[in-house]
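Structure first, then comments.
Any read-out appearing in this document is the output of simple, stated calculations on the displayed coordinates, not a laboratory observation. Because the structure is a prediction, the values reported are computed rather than measured.
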Amino acid sequence: MIVETPVILGAGYYDVGQIGAFTTINIGRYSNEESSKVYIDAKQIGRFCMFAKNIKIGLANHPTDFISPHMMFRYDSKAIFFDNYMKKGKLPEWEKTISATNKARSRKELPVIGNDVWIGADAIVLNGVTLGDGAIIAAGSVVTHDVSPYEIVGGNPAHHIKYRFEEKIVKQLCSIKWWEYGPDILYGLNQGDIDQCLHSLQQRIDEGFPRYVSKVIEYNLTKAVK
Ligand SMILES: CC(C)(COP(=O)(O)OP(=O)(O)OC[C@H]1O[C@@H](n2cnc3c(N)ncnc32)[C@H](O)[C@@H]1OP(=O)(O)O)[C@@H](O)C(=O)NCCC(=O)NCCS
């Protein structure tokens, strides 16, 4: 797990390829409660993301069209599960019986999460999903499909609620990528005035505003943050 600094990670389980700088996860006033813990198994999380309590990302998927989805029969079950009951403890032989095609078919990619993404409390993001830059996931949602940049989705299954800005603005934001410059690039801007913000951001970038280079820390082990 590669982490750009600084980030603030609250209690939970983390198995993430890379987490971008200035991302905060489960740091609210309930973050110490057991029920607030997060579970995150993702390929990548961008910068300036804000994830609330008790979110779950990247829950393992099991094949729905096998005779049973139970993990004890799965191809990659290095299982210790019920070994004694499976052909008298010959688990490796079980594994050989599952074809390569089935192996490929039953896997979905881990979620990929862009920059400046806000995930509301108690939301679930399933495997195979990409959340675009600037996306917002409403509290309590179950996200089963990709979410476009600056789209707000909500519900179970999550559906389109609205875009945060009109299409022209979204295109500009996706091209400017302000998160590459760190927080100082937003200094003094009237955050509620998107036109003025975009104008000032472009000006600052044109004048040579430096990109934010973060110190990177690599963790080798899994990752229960208490
Ligand atoms: C998604 C959210 C950001 C939308 O806020 P908003 O822009 O002020 O939008 P509105 O309240 O005007 O709601 C817009 C629509 O979305 C719907 N909606 C809002 N929250 C929803 C939710 N959690 N699930 C499903 N639909 C939701 C509303 O019912 C409304 O639908 P309608 O237009 O049919 O009436 C907000 O509702 C939310 O979920 N915030 C997360 C809060 C949270 O978890 N905070 C933790 C601390 S970080």
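Across region 1-80, counting alpha-carbon atoms alone, Rg and Dmax equal 15.6, 47 Å. So, in Å, what gap is there between the alpha-carbon centers of region 154-216 and region 15-43? Between the Cα centres of region 154-216 and region 15-43 lies a distance of 23 Å.
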